[in-house]
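Right, one structure below, let's go through it.
The values are calculated or read from the model by the stated rules, or taken from the named source; none is laboratory data. What you see is a predicted model; the values in this text were computed from it and never measured. Every residue, glycine as well, gets a Cβ built from its backbone with ideal geometry; the counts of neighbours run over all protein chains shown.
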Amino acid sequence: MTPRLAAIWAQSADGFIGRDGALPWSLPEDLARFRALTAGHVVLMGRATWDSLPAAYRPLPGRENVVLSRTGSDAPGATVVPGVAEALRFLGERPGWVVGGAQVYQALLHVVDRVEVTDVDVLVGEGVRAPRLGAGWRTVATDPADGGWQTSRTGLGYRFRTLLRA
């Protein structure tokens, strides 16, 4: 049986999820949502995403961290697996979250049934592109409900969207 797997990311208005190994914005509300949604679950990430986490948050606390790494290099506090098949075997029947980066999203999106996206009202211009969902996905919730924007305490506009595979 395919595991229940969700993906989560924040993306700029022009479709980027990162630049130079980091998030190109400061949005504490998105980080709080990420923590709330992924707490207590397995999180799957690539080596670059693991390396981009501040040392104080590696491994992500309150979650079982799984790092996909072709080289098998060490990730203290996390389980390292060499590929997608091993990650899915490790996950088994437990629900989990794909948390980045771009190659891991691309490799696992075909087994994801839910996506949580934070749209950030900022133009980045270049960097790592957000995954493209294509046909077969439907938005089931937005916050705010009218599809407008909330304002972060940092001044940025943002909104949350939940999408399910149709």
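Worth a mention:
- Single unsatisfied condition, Val120 versus (1) in contact with a Gly (Cβ under 9 Å, 6 or more places away or on another chain); (2) without any contact (Cβ under 8 Å) to a residue 12 or more places away in the chain; (3) not polar (S, T, N, Q): (2)
- All positions within region 130-142 that are at pLDDT 95 or above and farther than 21 Å from Arg33 by Cα: Trp137
- Gly157 being of a type in the set (Gly, Ala, Ser) and within 17 Å of Arg35 (Cα to Cα): no
- Taking region 101-122 as the range and being hydrophobic (A, V, I, L, M, F, W, C), over 18 Å from Trp50 (Cβ atoms) and out of contact with any Phe, Trp or Tyr (no Cβ under 9 Å at 6 or more places or on another chain) as the test, the residues that pass are Leu109, Val111.
- Within region 118-133, being surrounded by 13 or more Cβ atoms within 10 Å (Cβ to Cβ), of a type outside the set (Val, Ile, Thr) and part of a loop (DSSP other than H, G, I, E, B) holds for Asp121, Gly127, Ala130, Pro131, Leu133.
- Test: Gly136 is surrounded by 14 or more Cβ atoms within 10 Å (Cβ to Cβ) and small (Gly, Ala, Ser): no
- Exclusive hit being among the small types (Gly, Ala, Ser), touching a Pro at 6+ places or on another chain (Cβ under 7 Å) and without any contact (Cβ under 8 Å) to a residue 12 or more places away in the chain, set Gly72, Gly92: Gly72
- For beta carbons closer than 8 Å, sequence separation of 6+ or different chains, a first residue in region 147-166 that is surrounded by fewer than 16 Cβ atoms within 10 Å (Cβ to Cβ) and a second that is of a type in the set (D, E, K, R) and outside any strand (DSSP E or B), the qualifying pairs are Trp149/Asp121; Gln150/Glu29; Arg153/Glu29; Gly157/Asp121.
- Qualifying residue in region 22-34 (condition: modelled with pLDDT of 95 or more and more than 19 Å from Gly157 (Cα to Cα)): no
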